[in-house]
1. Nearest 500 deg cm²/dmol is fine: what mean residue ellipticity at 222 nm does the chain get from its DSSP H runs of n ≥ 4 alone, each adding -39,500 (n - 2.57), divided by its residue count?
2. For Cα pairs less than 8 Å apart in space and 6+ apart in sequence, what is the mean separation divided by the residue count of region 279-344, i.e. the relative contact order in percent?
3. Over all directions, what mean area does the Cα convex hull of region 122-242 project, stated in square nanometres?
4. Which of rounded, prolate or oblate describes region 193-301 when judged by the alpha-carbon gyration tensor and an a/c cut-off of 1.5?
5. So what J values fall out for region 307-314 if you push phi through Karplus, 6.51 cos²θ - 1.76 cosθ + 1.60 with θ = phi - 60°, rounded to Hz, Gly and Pro as x?
6. Residue-wise, which Karplus ³J(HN,Hα) couplings in Hz belong to region 237-247, taking 6.51 cos²θ - 1.76 cosθ + 1.60, θ = phi - 60°, and x for glycine or proline?
7. So which GluC sites (Glu not before Pro) in region 85-147 are both in a DSSP loop and have at most 14 other Cβ atoms within 10 Å of their Cβ?
8. Ranked by Cβ crowding within 10 angstrom, fewest neighbours first, how are I291, I271 ordered?
Amino acid sequence: MILTFRWYGNNDLIKLDYIRQIPVVKGIVSALYDVAVGEVWPYEKLMSLRNETKANGLELSVIESIPVHEDIKLGKPSAKILIENYCESIRNMGRAGIHTLCYNFMPVFDWTRSNMAFQLEDGSNALSYDNSEILSADLSDGTKGLPGWSTSYNKKELKFLLDAYKELSPEGLWENFAVFIKKTAPVAEEFGIKMGIHPDDPPWPIFGLPRIMTDEAALDRLIGVYDSPSNGLTLCTGSLGASSGNDMVKLTEKYAGMDRISFAHVRNIRITNTGQFNETAHNTGSGSLDILGIMKALKKAGFSGPLRPDHGRMIWGEQGKPGYGLYDRALGAMYLAGIWEGLE
Ligand code: CS2
Ligand code: MN
């Protein structure tokens, strides 16, 4: 296992020289943030990102994410050229010596939360989600009514997308996914890259949009579409684990045993009701998930890929990007590395 840490590039408040001071962290998870969605990611830029992390003693282990253009998910005529561009970005990753790619296939919205600073009992705060609040979110002015939402759509754009997906249905989305992965995964194989799809977060439909990467049946189907270690999963425990029907230890055992976990996001959440949860500190005792059991399952399967702490709380008065402060993620990294060492 390679312990990694997400870094949002030079605009990140948390600098690489701070990250390198977390003793267990060896790798960086990052992306190019200045390439328009759908364009090819240039080799030179990937190489210079890698050189920058290396200059700070850290390997660029994972690209998270190359965004998948909505036209690919919708199966528009332009999907063909957009998928070709995506393949070229994968080739450039391989040429630049980067071997893991995390991406997602969620329509319109990536991870979604209703509160970016939910108060926890100990005085810290974390992200939380409540279905009833999300369902009553005001989308009449596009995505402005959503907390923490960075990709913005105005009223007209959002309505167009919501309608288009309504027509598509989950089956249509699966078909478009199959077209995408059957083209990209062989290229990833050729260039020594493992792709790992990030599960939908939360793992159920929101705003009437289809969401397909939500449970064991979906993960089996994912593997069935194109069976290769290059077509795997980003095991995000806090995403899949938000649905109490997903037994995270069992799922980890199963897919790690099949060598289909390309990358792992390990974090805890507390389920407070159906469709309602808040994020917590990483340790088992703080939330609903058996983090120790999950780490044991990875260890037992001989997992050797990159793994990172995921969203952290805001503690010790830290201000910054919700979920992506330094302190609690660093605690998470140490906790996960400690478990791993104990299992040696
Ligand atoms: C991440 C996702 O911050 C997060 O929750 O896990 O945004 C993730 O980067 C994307 O879904 C991967 O494509
Ligand atoms: Mn995640």
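Bear in mind these aren't lab numbers, they're just calculated from the coordinates by the rules spelled out. Remember, predicted model here, so these are calculated numbers, not experimental data. Neighbour counts run over all protein chains shown; Cβ positions are idealised from the backbone, glycine included.
1. Working: 11 runs with 131 residues, N = 344.
Dividing the helical sum by the residues of the chain leaves -12000 deg cm²/dmol.
2. Numbers: 69 pairs, mean separation 22.2, N = 66.
Normalised by residue count, the contact order of region 279-344 is 34 percent.
3. On the way: hull surface 38.5 nm².
Taking the Cα atoms of region 122-242, their convex hull projects to 9.6 nm² on average.
4. Oblate.
5. With coefficients 6.51, -1.76 and 1.60, one gets 9, 9, x, 9, 3, x, 7, 9 Hz.
6. 5, x, 7, 4, x, 5, 9, 5, x, 8, 7
7. Here the sparse-neighbourhood loop sites are E121.
8. Fewest to most other Cβ atoms nearby, the residues stand as I271, I291.
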